[in-house]
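Just so it is clear, none of the values below were taken in a lab; they were calculated from the coordinates. These numbers come from a predicted model, not from an experiment. We place every Cβ from the backbone using ideal geometry, glycine too, and count neighbours over all the protein chains shown.
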Amino acid sequence: MFEEFQQTAKTIFENAQRRGALIRNPDTARLKALALEEPEVRQTKYGSILADSEPMSRAAKFTRNNVDTRFGQAEYELLENAKRGLAEEELVSIDVQVGDGTEGITARLIVPRRAAHVAYGGLRLFKPAMTDSPTYQVIMFFDEEHEKNRSKPLPQKQIAIRLAHARDGRFRGFEAGGLFVKTDCLNPGDQIEAYYACLRPHTFLENVSVTDDGSIDFYDLSRTSNGRAVIERRDFMHAANDINARRIDNLFLITRGNIIPAVAKLTHEQATAFMVLGQSMESSAGDPTQAGQIKNEFFYDPFVAGDRCDHANLFYDILKSNARINCYLLNTGFVGEGHSYKDITLADTMGILDSLFRGGAEDWHLSHKTGLVIPRSIRAVDSILMRPEKLFTAAEFEARQRALNRQRAEYMDNFPGIEPAVKAVFQTRAVAVGQVG
């Protein structure tokens, strides 16, 4: 059905052009003015604009793609609804460059004028372009369920979203214009560059609290803790001009769990296995009704399409072809529980990264308690964070580790086509075996 989706986008665009109801590629100032026409969009005292999203969390659970799902009558009806819903609307259309522009990939976003803030945020992330044949097209429209959704928890909302890897070890970026920043409790002590970038006039804020005088309160999480900002790369001092990397030397996988060390060194087999496991903690960004629960998300990506085993095996091939890549597992949550609870702070994680890059992570060895290769010490970081077994009784920790290993192995059984060396990682008691040093 790709052709039908493509034709629908073309029809909507051309119909608006014929009606004189298309605002095509407005500049930043015009687009900002259009966004400020919306009753719920506000301007801060810094000149930036703020909007609340609906929903306030990712809508991955409402997303289907035509690789994993056979599209049919429901999708045809969705396309007809889009044409009807936008037939009388004034539309805003922006064309943007995807990546650094060298490959000529572009995207077009079409939204009703009453949702111009979405286009404004998009134009902060990507660099503007002008094309008559965009590579990708995104259309946003509303029906009568939109207002009803505001009062519903995420799982009950009525939303419909319908949506091709290099083997050389390079990384290609997509968003050359800006960066996403998570804003809950953002402060200059922890993240000075992100904090001050969020106060710049061209920043786009979403789901962030603003007081009556236009001041931004990053600590007010009464509506949601899923606050976001799009900042321009030029406002972030350490953001490189080039969004591509010629080579990758270090790969960090982020997880959470109270018996997982703050950092562990992984073999390439382990790194692939942990990517398949995709174990993390649900947050308000995903599903607020399940926040705090441990979940598995293949490759940490709810939007992956196609054969998962092919994805995993390709990733493993890339690592094997680039032996220089060091792989690490980072626990960014906490260890222990109750009276023995130890938070892994942002300062701890930054200290770990600093030691890995500049020296200070000493004496890597296999921990037989966790089955992971850990450092004996890390400069300026409490060593207890690398030894969660010391925060439990021996029997309790062993029982928890055994249960975790079993859960990991059972989850891997969902992917029978994965390379045997990767599949075997969680099928032995020692999760991490291999090179140390």
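Qualifying trypsin sites (Lys or Arg not before Pro) in the range 290-328, where qualification requires a DSSP coil assignment and no more than 12 other C-beta atoms within 10 Å, comprise 324. Under Stokes-Einstein, with the Kirkwood radius over Cα pairs as Rh, the value for the range 1-92 at 10 °C and 1.306 mPa s is 99 µm²/s.
Determine by what factor the alpha-carbon radius of gyration of the chain differs from 2.2 N^0.38 Å, reporting the quotient.
On the way: Rg = 23.6 Å, N = 437, 2.2 N^0.38 = 22.2 Å.
Scaled against compact globular proteins, the figure is 1.07.
Annotation: the residues 30, 18, 406, sorted from fewest to most other C-beta atoms within 10 Å of their own C-beta, follow the order 18, 406, 30. For residue 263, nonlocal amide neighbours, meaning residues 5 or more places apart or on other chains whose placed amide H falls under 5 Å from its own, are 331. Evaluated at q = 0.12 Å⁻¹, a Debye calculation over the C-alpha positions of the range 250-427 (equal weights, vacuum) places log10 I(q)/I(0) at -0.57. Each residue of the range 7-22 is assigned a 3J(HN,Hα), and the resulting list reads 5, 4, 4, 5, 4, 4, 5, 5, 4, 5, 4, 4, 7, x, 10, 10 Hz, derived from the Karplus form 6.51 cos²θ - 1.76 cosθ + 1.60 (θ = phi - 60°), x at Gly and Pro.
Would you mind ranking 367, 321 so that the residue whose beta carbon has the fewest other beta carbons within 10 Å leads the list?
Working: 367 19, 321 12.
Going from least to most buried by this count: 321, 367.
Protection proxy ranking of 182-194, 257-269, by the mean of other Cβ atoms within 10 Å over each peptide's residues and highest first, is 257-269, 182-194.
Its relative contact order, with pairs defined as Cα atoms under 8 Å and 6+ residues apart, puts the range 250-427 at 30 percent.
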